[in-house]
Every structure is written in C-alpha cells, then in structure tokens.
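Bear in mind that the values in this text are calculations on the coordinates, not laboratory data. Because the structure is a prediction, the values reported are computed rather than measured. Ideal geometry is used to build each Cβ from the backbone, glycine not excepted, and the neighbour counts take in all protein chains shown.
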Amino acid sequence: MKTNFVTSPIASRLFFIGFGFFACSSAYAVCLTTPDFTFTLAQAAERLSQCNRDILLVRNAVVAAEADLRTADRGQNPTLTVGTAYVNPQSGIGSGSLFQKQVDWQTRIDQLVERGNKQGLRAAAAENMLRASQWNAADALRQQQLALANAWIDLWSAQERVKVLADLQTLYQRTQEAAQKRLRAGDIAANDLVKIEVDTQRAESDLQQVKTERTRAQYALAALLALEAHATEIQASDHWNLLENSAQTAKIALESAGRPDLQASRAQLESARATRSLALSQRTRDVNIGVQFEHYPRPAGIGNSISVSFSVPLFVQHANEGEVARAEADYTSALLSLKKIGEQASSDQSRLEAERQATASRASRLKNQLLPLVEKIAANADLAYKRGSTGVFDLLDSLKQLRQIQLDSVAAQADYEKADAASRAAALNITPGQDSIFSTAYKINLND
C-alpha cells in the first residue's frame, strides 16, 4: 500500500526531527557566546548537549537518516520520451504545418510498477535506520556525558588536591619558621632545620605537579565543552552529584532494557529484517508499463495512433541470489550484535555496580575513620613540637602521614565518583527524572 507521506506518522516525526535540527543550529549559536567559566555540573551538562562536537555530528547523522527515509518512502518517477522517426533526407519532410509534415512524431510515457511491497519495505528499513540513528545519537550523548563526568571529577579532584597541598605547604612554612626560632635559641640542631626545609621544598614541588594535573583536566573538560581557547579559565564549582542507588541492581529482561545502544541495536535488527524481506521481494517481477501516442500524417502514415506495452525482467542470468544472501548475512550479523551488546550490557552493569560499592566503602573509611585520626595526630604533634616536648622527626612523620592520607582520601573519593558515573551510565533502565545527568540519554528527545 502506498504511504501518503504528507499525512503519515513518519512525516510527523520527520517534521519534529527537522525542527530539532534547526533548534540544534540555534542552540549552537549559544556556543559562540562567552560563558561564565566557573561552571556548575548542571551548566556543564547543558552546554555539553548543545555544543559538544561529537554530539552535533551524530545529530546531523539523524538529519541524513531522515533524508534517506524521504528517499525510500516514494514510488518510481515515470519517464517521458519524445522523438521522431521515418525522416527521409532525400524527399524531405514535406509541406504544410508542423503536424502535416511527413514525420512520425512519437510521445511515450513509461512507468515502473513495483510489486511485492518493495516501497513499503524500503520505507520500513529506512524508518528503522532513522530510529537507530536517533538512538545512536542518544548513546553518543550518554558516552559524552560519561566523558564529562570523568573530566569533571578529575578537575574537581585536582582542585581539591591543590587546596590540600597549599594548606600543607603553609603548615610546613609555619613549622620552618618555628624551627628557625628554636635554632636561634639553641633548642635544635641546624641539621633538623635543613630537613624541614627539604620537606618544604618537596611540598612546593608536589603543589606545582598537581597544578599541572589541574591544567590537564581543564583542557580535557574544555575539549568536551568546545571551550579550548578558554581552558585555563574553567573551574568546577561543585562536586559530582552522587546517587545513593545509582544502578538498577535487580535483573532486567534485556528485551525491555532501555539503554540507548540496545535500543539502537534493536532498530538496526528491524531494519535488517526489512532489508532481507526487500531482497526476497526482488523475486517478484516488477512491471514496466508504457503508453505511446504517435502522429504520422497521411499519405505516408496512418494519422494518430496509440500503443500500450509492458515489460518484465527475465530471470535468466540470475534471480538476485547474491542480494538475498547478503541481506540474510546482514540480518544474522545484526541479530548476533544485539545479543552481544545485550549480554555485555548486563555484565557491565553488574561489574560496575560492584566496583561502585567497593570504592564507596574505601572512600568512606578513609574520609570518616582514618582521616580524622591522622588530623588529630598531626595537630597534637605540631602543638607538642612548638612547646618543645617532641622532636622534629616526629613532627615531620605526622605531617607526611597527614598529607598522604588527605591525598589518598581525595583520590579514593574521585575513584568512587567515577565508579558511580560509570555505573549510572551502564544502567539498563533509568526512569525520567531519576538521574539528573544520564536520564536525558534514555529517551529520544534531541531538542533537550
């Protein structure tokens, strides 16, 4: 059955997709403005969806798929042929008006009539490829959101480590000043002061190293947000938004899972199924119908005449066996790909949730149990040293221990946050509003 493209549901979807493309173009104009470079996570996520170049590319692929659907969902154009025949170069074409000339005028229209629902199958294959491209765009958004999470956490972690090392450097400097006073008073040896100065210089070196890592994280985040020219101005104003229960731990039937890559694979399978049916339909012969009007005036001709013809292909050399075999192989590949992606998605979800729980336990232990202890030890050691009741080596050991645990705590928190982001990105189902970052990728809505 021929589809009325103007009033079909497909056309309605294409209108909104086209509207989404122009909305995307308008959104990209926002990317050309200069923003405030101290981002919140929500602001960074919004700019990612509007300005990330990889996302813009896959959105353009959706527009290309929409054009393919418009191409597929239409019949064959007729062919008009106009010509002359039986012109004698010796006797000429005779006298009289144009239609009295002794020339055989022919006007012919040929129309290919497709049989076997070829047009409907082409449209079905193209429509499913459009759905696949939409879900591929959503999956690209999901992947870029995960990349944003990692870059954001790296930047926040680097900023926190800069603060830790800056505080420790200040503490070393105060200890060094106290040691200088005690040296002048004759309470400590000069070698003790040298050891403190060495640790102070080492803290300054560590601080510069972390600042370099912060710059690296700024450039990674800037590449995702299309802000490379302002990379060093970017600051993360809040930390990653952890969720108490990030992933769906219950078993979910893969047939009902809503992860974008699974949805795209299902749509590709349906497209391959329609393409296979289309290849099989090639065995149904199409008919080419021709209607010809001929004007050949007397006495040479018989006046006006009409002729009708039709032609069909003869399956003598082949019967499209190659096309059918290729379509069958593509369908099998799509089926195997869906199964592979589904099993891998289920495995990833279980594995990443286990990693999230393990990193959460370690981060909590460092932050809530070990860190308060070493902070207390370091404070007592600093006070005892200033009062002269302990040696410089005890003080330095406590400061080194404090610095290491503080940095370990920041690193453990970053590992936990990255595991949380990875677990949320790998979830098989996310209900709208459940996840402020990843839920936008679990529905086809390219205008968000």
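Using alpha carbon centroids, what distance separates segment 252-297 and segment 162-194, in Å?
Spelled out, the Cα-based centre of one part sits 79 Å from the other.
Order of 416-428, 40-52 by packing, highest average Cβ count within 10 Å first?
Values: 416-428: 24.2, 40-52: 19.2.
Answer by packing, highest mean first, reads 416-428, 40-52.
Membrane-span-like helices in the chain: DSSP H runs reaching 20 Å or more (Cα, own axis), mean Kyte hydropathy at least 0.5? Mind dumping the intermediate values first?
Values: long enough: 9-31 (33 Å, 1.42); 53-72 (29 Å, 0.46); 118-185 (99 Å, -0.52); 190-225 (53 Å, -0.47); 260-281 (31 Å, -0.40); 321-365 (66 Å, -0.84); 371-386 (23 Å, 0.38); 392-425 (49 Å, -0.24).
Membrane-span-like by this rule: 9-31.
Taking the chain as a Gaussian network, Cα atoms linked when under 10 Å apart, which of ASN304, ASN60, ASN320 shows the biggest mean-square fluctuation?
Between ASN304, ASN60, ASN320, it is ASN304 that shows the largest mean-square fluctuation.
Taking the number of other C-beta atoms within 10 Å as the exposure measure, put ILE55, ILE252, ILE302 in order starting with the fewest. Working shown, then result.
Details: ILE55 22, ILE252 17, ILE302 11.
Final ranking by Cβ density, sparse to dense: ILE302, ILE252, ILE55.
Quick one: among ASP261, ASP110, ASP286, which has the greatest mean-square fluctuation in a GNM of the chain with alpha-carbon springs under 10 angstrom?
Sorting by GNM fluctuation, first place goes to ASP110.
For ALA329 and ASN429 in one chain, what is 0.36 nm times their gap in residues minus the Cα-Cα distance, to one decimal in nm? Intermediate results must be reported in sequence, preceding the final value.
Working: separation 100, 0.36 × 100 = 36.00 nm, distance 3.05 nm.
Here the segment from ALA329 to ASN429 would lengthen by 32.9 nm.
For segment 240-359, what are Rg and Dmax over the alpha carbons, in angstrom?
28.7, 100
Give me the extension gain from HIS318 to ARG70: residue separation times 0.36 nm, minus the current Cα-Cα distance, reported in nm with one decimal. Could you put the intermediate results ahead of the total?
Working: separation 248, 0.36 × 248 = 89.28 nm, distance 3.02 nm.
Separation in residues times 0.36 nm, less the Cα-Cα distance, equals 86.3 nm.
Checking the a/c ratio against 1.5 first, then a/b against b/c, what shape does the Cα gyration tensor give for segment 209-281? Before the final figure, lay out each step's value.
Working: a/c = 5.05, a/b = 1.96, b/c = 2.57.
Verdict is oblate for segment 209-281.
Given segment 281-436, what whole percent of its Cα pairs are spread farther than 19 Å? Could you put the intermediate results ahead of the total?
Values: 9384 of 12090 pairs.
I get 78 percent for the Cα pairs in segment 281-436 exceeding 19 Å.
Take GLN344, project a point 7 Å from its Cα along the Cβ direction, then tell me which residues of segment 414-439 have their backbone nitrogen under 19 Å from it.
422-429
So in the chain, what percent of DSSP beta bridges are antiparallel if you round to the nearest 5? Show your work: numbers first, answer last.
Working: 26 of 28 bridges.
Of those bridges, close to 95 percent are antiparallel.
Measuring from label point to label point, each 7 Å out along Cα→Cβ, what is the GLU204 to GLU244 span in nm?
4.8 nm
Would you mind pulling out the separation of the Cα centroids of segment 113-129 and segment 335-412, in Å?
Computed from Cα coordinates, the inter-centre distance equals 59 Å.
Given the alpha-carbon gyration tensor of the chain, what are the semi-axes of its equivalent ellipsoid in whole angstrom, ordered largest first, with each equal to the square root of 5 times an eigenvalue? Each step should come with its number before you reach the end.
Numbers: eigenvalues 1170, 124, 52 Å².
For the chain, the ellipsoid semi-axes come out as 76, 25, 16 Å.
Would you please state which residues of segment 263-285 a label at ARG115 would reach in this model, taking the label point 7 Å out along Cα→Cβ and a backbone N cut-off of under 12 Å?
282-285
When the helices in the chain are scored as -39500 (n - 2.57) per DSSP H run of 4 or longer and the sum is shared across all residues, what 222 nm value do you end up with, to the nearest 500 deg cm²/dmol? Provide the component values of the computation, followed by the final result.
Details: 9 runs with 275 residues, N = 448.
Rounded to the nearest 500, it is -22000 deg cm²/dmol.
So what is the orientation-averaged projected area of segment 165-244, using the convex hull of its C-alpha atoms, in nm²? Intermediate values should be presented prior to the final figure.
Numbers: hull surface 32.6 nm².
If I average the Cα hull's projected area over directions, I get 8.2 nm².
Anyone know which of GLU270, GLU353, GLU244 comes out most mobile in the 10 Å Cα GNM of the chain?
Looking only at GLU270, GLU353, GLU244, the largest GNM fluctuation is found for GLU244.
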